[in-house]
Amino acid sequence: MIGDFPNLGKVWYNKELISKFFSIAIVCKVSQVTMDTNDKLTMYVHHLDGSIMIFKEHESGLYLYKPKINNNCVNGYSMLYTVAAQKRLFLQRELKASDAAMELHWIIVEF
């Protein structure tokens, strides 16, 4: 789906997922991004309206933004899905077709 994200504009997203991922390249096109790795591993996204989103490095290496607490809502997630978990969503015939397509792709690339 496509939606408007505050201060970022039009973004693609999956409403089924709790977490949202943004490309730094896309964010840099609409906002100033600053980071001083000598100070702390924190990324600051400066928006035109003066607001600043602060992303702190997680032990996984991803940078997370933790929104301000709003009532009793849960805030601040980083969720990753394993290949095995995703494969459970498909039929065996779909997985075999996908594997065959990847094998053909690598044969073509190596040729």
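Side notes on the structure shown:
- Highest to lowest packing among 40-47, 53-60, scored as the average C-beta count within 10 Å: 40-47, 53-60
- Formal net charge of residues neighbouring residue 99 (Cβ-Cβ distance under 12 Å; K, R +1; D, E -1): +1
- Between residue 41 and residue 4, the contour length at 0.36 nm per residue exceeds the Cα-Cα span by 10.5 nm.
Each reported figure results from applying straightforward, stated rules to the coordinates on display, with no laboratory input. Nothing here was measured: the structure is a model prediction, and the numbers come from that model. Every residue, glycine as well, gets a Cβ built from its backbone with ideal geometry; the counts of neighbours run over all protein chains shown.
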